[in-house]
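**Q** Would you mind keeping the following structure in view while I ask a few things?
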């Protein structure tokens, strides 16, 4: 067998013109080494290209994740700010609720006997974001907990305001049904209490007040109510009675004309009759009574204007 180190590979190069052909002799060992080296170089270049491509994809993915992470940071900061603002609003609402209950002399429910909210605040937010990379999951959990607590506090506050609304509406209805204005214009000629009867001269209980003016002067309802009685009496003449609810009734006597009917609803300020001189009377005036739970009371105690 021939020694491969003495074998050669002959390469001829033939130019396109008529010049002499060139011949090169390459040892077979060098040819094999060159071929192996080319394969190795090809593999190395292919590996580098593939690795560079993978690295480029990883860099692109890393940049995308960084952008998403930045966007998440911004959104979490916005959410934290919103939670902080909601906490402050709830604290203000709780203080307002407390003031209203003090004004209304309404007992604070047990559900409201709790500490005012103090979950967040600027300091908390800054602490959250100092180590954002390592505490994002913890931040999200805290925010969910804060939101749950805010929802619970909002529900309790809604119940409290509903109770306050019902109480204030009831008080508004009570105020609207309280005979707190003068039932007519004129001069107060006789007060509530014991007096000498102008006809008999004896001391008797005067169960209302007398307001004098000319015949035909408007008589108005001093509060909201329902007309329950229209009658003619020997002493009071033409009479109208109004029930205002809450055990309060008003009575108007010596009328010349009645402008309402039994069962009619009236509002404070509605004209219900005209002043007159009917019944036992020394002159045109309105006899006005207030009856609370069946007891005649001084009407002047109710009049505010």
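**Q** Tell me, 87, 68 in order of fewest to most beta-carbon neighbours within 10 Å?
**A** 68, 87
**Q** List the pair-distance distribution P(r) of the range 4-68, using every Cα-Cα distance, as the percent of pairs falling in each 10 Å bin from 0 up to the bin containing the longest distance, rounded to whole percents.
**A** Per 10 Å bin, starting at zero, the Cα-Cα P(r) for the range 4-68 comes out as 17, 21, 20, 16, 12, 9, 4, 0 percent.
**Q** Give the separation of the Cα centroids, the range 233-275 to the range 22-43, in Å.
**A** Centre-to-centre (Cα) distance: 128 Å.
**Q** Hey, another quick one. So if I take the centroid of the Cα atoms in the range 162-201 and the same for the range 209-231, what is the distance between those two points in Å?
**A** Centre-to-centre (Cα) distance: 12 Å.
**Q** With the Cα gyration tensor of the range 187-301 in hand, convert its eigenvalues to equivalent ellipsoid semi-axes via √(5λ) and list them largest first in whole Å.
**A** The three semi-axes for the range 187-301 are 22, 17, 12 Å.
**Q** Starting from 0.36 nm per residue, how many nanometres of slack lie between residue 152 and residue 13 once their C-alpha separation is accounted for?
**A** Here the answer is 40.8 nm.
**Q** For the range 244-305, what is one quarter of the convex hull surface built on the Cα atoms, given in nm²?
**A** On the way: hull surface 20.7 nm².
Averaging across all directions leaves 5.2 nm² for the Cα convex hull.
**Q** Just grab the label-to-label distance for residue 297 and residue 197, each label 7 Å out from Cα along the Cβ direction, in nm (one decimal).
**A** Those two pseudo-labels are separated by 2.8 nm.
**Q** Next question. Can you give the extra length, in nm with one decimal, that the chain gains between residue 264 and residue 218 once fully stretched, where that is 0.36 nm per residue apart less the Cα-Cα distance?
**A** Length gained, residue 264 through residue 218: 14.8 nm.
**Q** Another question, if that's okay. At 0.36 nm per residue, minus the direct Cα-Cα distance, what do residue 172 and residue 100 gain on full extension? Give it in nm, one decimal, please.
**A** 24.5 nm
**Q** Going by C-beta contacts inside 10 Å, put 302, 288, 31 in order with the fewest on the left.
**A** 31, 302, 288
**Q** While we're on this one: What order do you get for 33, 167 when you list them from fewest to most C-beta neighbours inside 10 Å?
**A** Lowest to highest Cβ neighbour count: 33, 167.
Computed from the coordinates by the stated procedures, all read-outs in this text should not be read as laboratory data. Note that the structure is a prediction, hence the values are computed from the model and not measured. No Cβ is skipped: glycine too gets one built from the backbone with ideal geometry, and neighbour counts run over all protein chains shown.
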